[in-house]
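Where a number appears in this text, it was derived from the coordinates with a stated rule and is not lab data. Remember, predicted model here, so these are calculated numbers, not experimental data. Ideal geometry is used to build each Cβ from the backbone, glycine not excepted, and the neighbour counts take in all protein chains shown.
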Amino acid sequence: MQATPTPNAPQLSNAPWSSHATIIVQGYETAIALVVGFVVWRLTYAAIDRFFARRLLLRHPRISTYVAPIKSITGFIIFLVTGLVLLNIWSVNIGPAIWSAGAITAVLAFGAQWIVRDLLAGYSIFAENQFDVGDRIEITTGINSQIAGVVEAIGLRTTRLVDRYGRTVFIPNGNIYATTNLSKGVRRLDIVLSLPWHGSVDAMKREILKVATASAIEAKIDADSVKVSLDDFDTNKAVFRISIRTPLVDVDEASLRERIAGVLQAEGWLNGDAPAPQPAPPSNPTAPA
């Protein structure tokens, strides 16, 4: 008679403990990766600030234009590397994730097309070197809409200006249609004077040139850059144009006009036309004989 085999006693499985241990290890690795990524991000930002502040900013102040974009690009790279490390820790298959990320990116790009436009426009500003921090510019943001001021910061998405009233203005780069940089090249000031006749044309030109040159020298402008020409005339007045070409940015055109107007007024050229002579009163009629 064959003995019936006794069933084996149930053995405890180590699968649950192994699964819990794997999750715990992955949790520790995730925490370490996040801490390392944060430390690298902070140290990189500090290194960028220290490098630019000590080596470049003191000699080239406008180099601060590139600090913000470099920080943005560096932060994005660190974030991307940290994300890939986390996916590797959790054994995530990157292939489907890449396809899913592509579809999600397409949807987000369509919904956030204004942000993408701002980023592309910001890249064009850097690539073409349209303006730098510290430049005085005039920006056209729409039909008959202009904003003027000094550039305080340039980012990949927005440009920050300080206008003449001291207000801080944030302009999306995609809304910049045209830019006039007053800090590059030569600035031209045109002052038009409509004056009553005071002698010959040459005599008036010499007098206006003398006044304009003296006012330009007071404003620290080269006297050779001042030109005077006759624009128009009629029987009562002559129209002269004072043209001043200067590389200076901080020239106060209003003060220059006030200086010229004050001197001409002191010399009697801006007192207005002389009043018309009043007709003589009629004489008493001769009494009849």
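Whose amide H sits under 5 Å from the amide H of residue 159, counting only residues 5 or more places off or on another chain, with H placed in the peptide plane?
Residues meeting the criterion, in which the H sits 1.01 Å from N, are 171, 173.
How do 154, 171, 217 rank when sorted from fewest to most other Cβ atoms within 10 Å of their own Cβ?
So the residues, fewest neighbours to most, are 217, 171, 154.
Among 66, 165, what is the fewest-to-most ranking by other Cβ atoms within 10 Å?
165, 66
When a footprinting reagent is the concern and you count Cβ atoms within 10 Å, what order do 39, 151 take, fewest first?
39, 151
Please list 3J(HN,Hα) in residue order for the stretch 171-178, calculated via the Karplus relation 6.51 cos²θ - 1.76 cosθ + 1.60 where θ = phi - 60°; whole Hz, with x for glycine and proline.
10, x, 4, x, 8, 8, 8, 8
Tell me, what HN-Hα J-couplings in whole Hz come from the Karplus equation 6.51 cos²θ - 1.76 cosθ + 1.60 at θ = phi - 60° for each residue of the stretch 73-80, using x for Gly and Pro?
With the stated coefficients, the stretch 73-80 comes to 5, 5, x, 5, 5, 4, 4, 5 Hz.
Take the eigenvalues of the Cα gyration tensor for the stretch 187-266, scale each by 5, and report the square roots as semi-axes in whole Å, largest first.
Whole-Å semi-axes of the equivalent ellipsoid: 22, 12, 11.
Long-range amide H contacts for residue 182: which residues qualify at under 5 Å (H placed 1.01 Å from N, peptide plane, sequence gap of 5 or more or a different chain)?
136, 137, 138
Convert each backbone phi in the stretch 188-201 into a coupling constant with the Karplus relation 6.51 cos²θ - 1.76 cosθ + 1.60 (shift: θ = phi - 60°), then list the ³J(HN,Hα) values in order as whole Hz, x for Gly and Pro.
Residue by residue, the stretch 188-201 yields 10, 10, 10, 10, 9, 10, 10, 10, x, 5, 9, x, 6, 5 Hz.
Once R0 is set to 22 Å, what does the formula 1/(1 + (r/R0)^6) return for the Cβ-Cβ distance between residue 92 and residue 72, expressed as a FRET efficiency to the nearest 0.05?
Plugging the Cβ-Cβ distance into 1/(1 + (r/R0)^6) gives 0.25.
For residue 23 and residue 47, calculate 0.36 nm times their separation in residues minus their Cα-Cα distance, and state this gained length in nm to one decimal.
Length difference between fully extended and current span is 5.1 nm.
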